[in-house]
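Here the structure is laid out as structure tokens; the discussion comes afterwards.
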Amino acid sequence: MSQNPQARSRGPAAAAAAVAPPPPSASGPGAETVAPAVAMPAPAAGGVRPAYANSAGAPAKARVGTWVRGKASGTPGRMRLFGALAAIAAIVFGLAGAWNLWSSAQALGRAGATTDQVVRVQSIYADVLRADADASNAFLVGGLEDPAQRADYEAAIKRAATTITAAASAQPADGVALAALNSALQDYAALVERARAENRQGLPIGVTYMTSASSGLRTTAVPILEALLQANTERSRGELGAASSSWPTLVAGVLAVLVLGLVSIWLARRTHRYLNSGLAGATVAVLVALISGLVVFSGIGSDAKRVADNQLAGTLALTSARTAAFDARANESLGLIRRGQAGPFETLWKARDAEVTARLKALVGRVSWYGGSGTNASALSTAWSAYEKAHAEVRTLDDGGSWDAAVAKATTATESPRTTFDAFQAASATAVDGFQSALTGDIEGPTTKARIAALVLLLAGLAAAVLSTRGIAQRVEEYR
Amino acid sequence: MSRMPRTRLPLWAAGTTLLLSLAACGAGGYAQTPLSPTPTAAATTSAAPTTAAPTPAASKCNPVPAGFNPLQTYDPLPSLPASGALTGRLAEIRARGYLIAGVSADTLLMGARNPLTGQIEGFDIDLVHEIAKAILGDAAKVQLVVITAGQRQSFLVNRTVDIVVRNMTMNCARWLDWPIAFSAEYYHSGQKVLVRKGSTATSLDDLAAAKAKVCAPTGTTSLAKLQEFVAKGVVPVTADTHTGCLLLFQQAKVDAITGDDTVLAGLATQDPYAVVPAQTAITAEPYGVGFNSEDKVFVQYVNRLLETTKADGRWKASYDRWLAPSLGDAPTPPTAVYGRQ
């Protein structure tokens, strides 16, 4: 189109020039294909495309008109016309239904992919908060941090960075947000390293760098993570909803049946023969295809609803429970770091705790959907209760004025918030995997069904077109 | 017409092509994910908790009432009463078993957490332990509450803490507007500036001339003084604490920090590129222990204790340990002014 931009501005008078041979550079073996491209912008300027499409080309139009009138005149002509209409209706139905079902299969695939992305984002979220809980916890005890905790911090940061890369290639629409998240995470890690370096020199500014890193994480990275979760959850729900939208098939099918039926009635009246086998066959083919298409759609609809209500909702509930749990854990450490001023952090801890409990409760009825494999929800609740108990003991100590004892309790390796929390997080990670694979598996069935049905509808539409054309041709022959 | 055979493709092929291209269109990309969630989403973020400090209404200190002396405090008790004879707030603390003190954990030398031991220590903290030892018989029976400069008054007013020992300047607004009470002066400080090594500025006037960005913590008398230089060109920047200011200084977000000489000495210790040039203090900052204004007997009790520690060398021992290396030999302890009614 860009080869002759002047053609657009020259106006109708010069329009004919647009069909002139292309510039020398475009000639040669490729000229044949280039020529129409040059002509493309011209219709806007008037009269280049074949005349039947344009009021300006009177002689050509007359020629086509004569042909059409000749073919369409008289009863055979009308038969041809209605026959063509019936064939077009059948083909449109076949195409619309097949496209509709194919899109539905694609939507199911995308629903699975966006749910995978939700899980990826949640895992980044959990890792980021886990890293923060580790890093802040390290500042609780005097001297060097526990090597195991430091290793856990490094592993969490590394995992988060790797998952960000994976998520960015999985969903280009998340690219900008993930790039911003990556930069926020780098800033965070840099501040933590600075905090650690200052801390090793025994300087109080180390803690200031640490709290600045934590609050920066919550004002920059957390909103991006929330946005990513929201966007992908909405995409996933949207795709599941779109997968069962069958109206194009229904409309095209009903129209095709109506057209075939009306043409049959007209033909029966004209020819005084009740049954035209071709048209009847076409009508039955369309009707059967329409019904089976709708049945497949209804199956997809109930499968999609089940997936949305169970596996997707379950994955979301579980991953949200995990995120809330890590945030609770970070708030526990922050509450101890701001010694004697745990109140506001404890309020946040309680809110996160309530969220975890509610999410786990909502899961109980859904666990059977992944066949009971892995940990079930009540076991998760038990694991969480153990952590709650350990946390309460720490709070009792701190609130009673024994900050040192509270810190000792929070950082020991037996029956402490640390060990009970680790147990919960390991069990919940297994459960997330269970839900995720159940979701992938449950989407596969309806996807395959939709793909097969799409081909069936396409073939049925084409068959109906052929049948109706043959049926009409049979009658037209009788007029010869 | 020679191209016709090419366009007359079998119907099914055309249909499939159309089908696939339509399906491809339907797959269309999603809109870019925004950088923050849309408001409909339930926020699950944990914003850093903030404690809103009640702002005093119209000031009683504008102008300062005639004859008002911020250093003047209640008369000390004649002697420290026996633990069984304690009344009021003192009896409550005794019954509770520990003293709750609002302190700083990041003001090196005055009150800072030692990263190597995890303990908060400094000149202010020594005083807290003296008070706990006097009331409870054990210097360790203390709950140290780490507070920011801006929380000092409100935590006393709301009784979140029993006392505040956090380089707190005795002034009219704090005595009359909040109101809170002070013990006798236990340290005499003054406001100075900290600048980058190599800088020629030695005062807020110099910094104002250079239109410098100067940091002071929110809710401090240092910030109030700094605001007076805004008209001369200073750009004030605030942080939660003085160490927060040092963080901004290290990140080159501010050019200088202003604060009490004790605090600045602690900051300079942490950064070899930060120096407190020789200068005259622009303000007098008398430090007192802060109390809830209703705890008059508690104030009198601590005043008696301060008299004792200043007299028997405990005050000087604490000064020598924390401040002498940075600020030189111990001066004479500040003289208390009594007689407040």
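Rg and Dmax of segment B:82-155, based on Cα coordinates, read 13.1, 40 Å. Close amide H contacts of B:Q143 (hydrogens built in the peptide plane, cut-off under 5 Å, sequence separation of 5 or more or a different chain): B:L99, B:I100, B:A101. Based on the Stokes-Einstein relation at 25 °C and a viscosity of 0.890 mPa s, and on the Kirkwood radius from alpha carbon pairs, segment A:156-234 is assigned a translational diffusion coefficient of 182 µm²/s. Peptide A:448-458 has a mean shielding of 1, counted as Cβ atoms of other protein chains within 10 Å of each residue's Cβ.
Sorting A:103-110, B:323-330 by average packing, meaning the other beta carbons within 10 Å per residue, from highest down gives A:103-110, B:323-330. Per residue, the average separation of C-alpha pairs within less than 8 Å and at least 6 apart gives segment A:190-332 a relative contact order of 21 percent.
If you wrap the Cα atoms of segment B:147-285 in a convex hull and average its projected area over all directions, you get 8.2 nm². Using bins of 10 Å that start at zero, the share of Cα-Cα pairs per bin across segment A:71-188 amounts to 12, 25, 17, 12, 9, 9, 7, 5, 3, 1, 0, in whole %. Take each residue in A:459-469, count the other chain C-beta atoms within 10 Å of its C-beta, and the mean is 1. Computed from phi, the 3J(HN,Hα) profile of segment A:83-98 under the Karplus parametrisation 6.51, -1.76, 1.60 (θ = phi - 60°) reads x, 4, 4, 5, 5, 5, 4, 5, 5, 4, 4, x, 5, 4, x, 5 Hz, with x in place of Gly and Pro. Structural descriptor for segment B:141-205: relative contact order 20 percent, calculated from alpha carbon pairs under 8 angstrom and at least 6 residues apart. Less than 5 angstrom separates the built amide H of B:E121 from those of B:A112, B:R113, B:N114, all sequence-distant by 5 or more or on a different chain. When shorter helices are ignored and each DSSP H run of at least 4 residues is given -39500 (n - 2.57), the per-residue value for chain B at 222 nm works out to -9500 deg cm²/dmol. Where the centroid of each part is defined by its Cα atoms, how far is segment A:414-447 from segment A:279-353 in Å? Here the two parts' Cα centres lie 14 Å apart. Among the protein heavy atoms, those of A:S437 account for about 70 Å² of accessible surface (1.4 Å probe, every chain in place). Which of the pairs A:K361/A:K449; A:K305/A:K449; A:K158/A:K409; B:K141/B:K296; B:K225/B:K310 have their Cα atoms more than 24 Å apart in this structure? In this structure, A:K361/A:K449; A:K158/A:K409; B:K225/B:K310 lie more than 24 Å apart at Cα. Its Cα centre serving as origin, chain B has a Cβ charge dipole (Lys and Arg +1, Asp and Glu -1) of approximately 1440 debye. Based on the reciprocal of the average 1/r between different C-alpha atoms, the Kirkwood radius for chain B equals 23.2 Å.
Volume of the convex hull of segment A:92-133 (Cα atoms only), normalised per residue: 30 Å³. Placing A:K409, B:K197 in order of accessible area, with the largest value first and a 1.4 Å probe, yields B:K197, A:K409. Sequence-distant contacts, meaning Cα pairs under 8 Å at least 6 residues apart, place the relative contact order of chain B at 23 percent. Distances between every pair of Cα atoms in segment A:98-256, grouped in 5 Å steps from 0 to the bin holding the largest one, split as 2, 9, 16, 16, 13, 10, 8, 7, 5, 4, 3, 2, 2, 1, 1, 0, 0 percent. With the convex hull of the Cα atoms taken as the outline of segment B:69-215, the averaged projected area works out to 11.6 nm².
Once you treat every alpha carbon in segment B:145-201 as an equal point and sum by Debye, what is log10 I(q)/I(0) at q = 0.16, 0.23, 0.25 Å⁻¹? The calculated log intensity ratios at q = 0.16, 0.23, 0.25 Å⁻¹ are -0.60, -0.96, -1.09. Rg and Dmax, both from the Cα atoms of segment A:215-276 and both in Å, are 26.7, 86. Relative intensity of segment B:245-287 on a log10 scale, I(q)/I(0) at q = 0.18, 0.31, 0.33 Å⁻¹, equals -0.53, -1.23, -1.31, per a Debye sum over C-alpha point scatterers of equal strength in the absence of solvent. Largest accessible area first, the residues A:L279, B:L127 order themselves as B:L127, A:L279 under a 1.4 Å probe with ligands, DNA and RNA left out. Relative to the Cα centre, the charge distribution of segment B:203-341, modelled as +1 at Lys and Arg Cβ and -1 at Asp and Glu Cβ, gives a dipole magnitude of about 140 debye.
The values are calculated or read from the model by the stated rules, or taken from the named source; none is laboratory data. Note that the structure is predicted; figures quoted are calculated from it, not measured. Heads up, the Cβs are rebuilt from the backbone with ideal geometry, glycines too, and the neighbour counts pull from every protein chain shown. Protein only, heavy atoms only, side chains kept; ligands, DNA and RNA dropped before computing areas. Shrake-Rupley method; radii C 1.70, N 1.55, O 1.52, S 1.80 Å.
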